Every structure is written in C-alpha cells, then in structure tokens.
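Right, one structure below, let's go through it.
The values are calculated or read from the model by the stated rules, or taken from the named source; none is laboratory data. Please read all numbers here as calculations on a predicted model, not as lab measurements. Here the Cβ positions follow ideal geometry from the backbone for every residue, glycine too, while neighbour counts run over all protein chains shown.
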Amino acid sequence: MLDVDFRSIPLFAPLSDSEVQKLDGLAHHQVYEPGDAVFHKGDMGIGVFIVTSGSFELRHDAAPGDGQVEAKLGPGEVFGLTSLLDDEPRRASAYATTPATCAVLTRMTLRLAMAENPGLAIEVIRSMAKSLRDVSALVEDEAPR
C-alpha cells in the first residue's frame with residue numbers, strides 16, 4: 001500500500017472503497033529529484049501520475065527551465081492522462097521542481113478502473129476538459145493582439 005489518499009483526489013472520488021483499495025494495491029511509488037524528467041514530449045504514455053509530495057511542471061520544451069510552463073502541480077494533482085486515453089505521444093514534458101514523489105497507475109489499470117466505474121470516466125473527462133481550458137488560456141495569452 002502507498003501513502004496515497006485516493007479519496008481526497010477529486011478524480012477518484014466516484015470510486016467505492018473496494019475500488020480504491022484495488023487502485024492502491026496496483027499503484028507504484030516513484031521518487032524524483034529537482035530537474036528529473038518524469039517524461040518527455042513525444043514519449044508514449046504508459047502511466048498516469050498522482051503527485052504525493054513535492055512539485056512538478058508540465059513544459060513545452062526539451063530541457064528543464066526552458067520553454068513555456070503549461071502547469072505547476074502539487075500534492076493531490078494528477079497529470080499524464082491524455083496520452084493514456086488517446087494512445088498518442090506525450091504533448092509536453094514533465095519535470096520535478098522540488099524533491100517529489102508520485103503514485104503511478106498504468107494505462108491498463110486506469111482503463112480497467114474506468115470500465116468498471118463510469119463515474120471515474122466522467123471525472124477523467126472533466127479533468128481533461130480543465131486541462132484543455134488551461135492550455136487554451138495559455139495560447140490566448142501568447143496570441144498577438
């Protein structure tokens with residue numbers, strides 16, 4: 001068992017106690033140091049990441065500290081969903097900005113959980129819609145006026 005309270009993460013709120021226990025048993029723990037890449041733009045998505053401590057940035061770049069920051073993430077936040085659902089390469093890079101840890105769920109684990117619980121699928125869609133709005137806001141801010 002990991003030190004993750006899936007119940008406190010809105011994405012996983014629709015899950016029953018037994019589904020939460022199952023996810024907790026299937027997640028693995030990953031540790032990162034500042035500047036460590038979680039994944040790079042163009043990598044295939046093999047997992048979704050739940051921040052358990054520290055902080056991360058999603059960037060449109062190839063190296064930490066360069067390029068545009070799409071999102072800053074902290075404990076309880078989830079990243080890496082899009083590639084797991086559309087089977088396309090990652091659209092951004094993710095880097096630890098502090099000493100940090102994540103619980104990682106594989107593509108198969110997340111897809112099975114969504115198939116067993118439509119409420120989770122709806123929350124994944126909501127999360128992706130929020131991400132799309134955030135990216136759209138970045139593009140609007142960058143557009144010439």
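When we screen Val20, Val31, Val104, Val48 for residues that are touching a Cys at 6+ places or on another chain (Cβ under 9 Å) and either part of a helix (DSSP H, G or I) or touching a residue at least 60 places away in the same chain (Cβ under 8 Å) (or both), the only hit is Val31. Only residues that are at pLDDT 90 or above, surrounded by fewer than 20 Cβ atoms within 10 Å (Cβ to Cβ) and not hydroxyl-bearing (Ser, Thr, Tyr): list them for the range 54-71, please. Of everything in the range 54-71, just one residue is at pLDDT 90 or above, surrounded by fewer than 20 Cβ atoms within 10 Å (Cβ to Cβ) and not hydroxyl-bearing (Ser, Thr, Tyr), namely Gly54.
To keep it simple, each residue is scored yes or no on (1) assigned to a strand (DSSP E or B); (2) over 11 Å from the mean Cα position of the chain (by Cα); (3) under 18 Å from Leu15 (Cβ atoms); (4) not polar (S, T, N, Q).
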| residue | (1), (2), (3), (4) |
| --- | --- |
| Arg59 | yes, yes, no, yes |
| Ser83 | no, no, no, no |
| Ala94 | yes, no, no, yes |
| Ala113 | no, yes, yes, yes |
| Leu120 | no, yes, yes, yes |
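Note on the range 10-57: residues that are under 21 Å from Thr97 (Cβ atoms), of a type in the set (A, V, I, L, M, F, W, C) and over 12 Å from the mean Cα position of the chain (by Cα) total 2.
The one condition from (1) assigned to a helix (DSSP H, G or I); (2) surrounded by fewer than 13 Cβ atoms within 10 Å (Cβ to Cβ) that Gly42 does not meet is (1). Scanning the range 90-135 for residues that are of a type in the set (Asp, Glu) and closer than 25 Å to Gly42 by Cβ yields one hit, Asp134. Screening Ala71, Ala37 for residues that are within 24 Å of Glu123 (Cα to Cα) and in contact (Cβ under 8 Å) with a residue 24 or more places away in the chain leaves exactly one candidate, Ala71. Of all residues in the range 1-13, which are of a type outside the set (Asp, Glu) and either surrounded by 17 or more Cβ atoms within 10 Å (Cβ to Cβ) or over 21 Å from Ile122 (Cβ atoms) (or both)? Within the range 1-13, Met1, Leu2, Val4, Phe6, Ile9, Leu11, Phe12 meet the criteria.
Is one or more of the residues making up the range 72-86 crowded, with 19+ Cβ neighbours inside 10 Å and of a type in the set (Lys, Arg)? No - not one qualifying residue is present in the range 72-86. Scanning the range 61-81 for residues that are acidic (Asp, Glu) and in a loop (DSSP other than H, G, I, E, B), we see that the one that is nearest to Arg133 (Cα to Cα) is Glu77.
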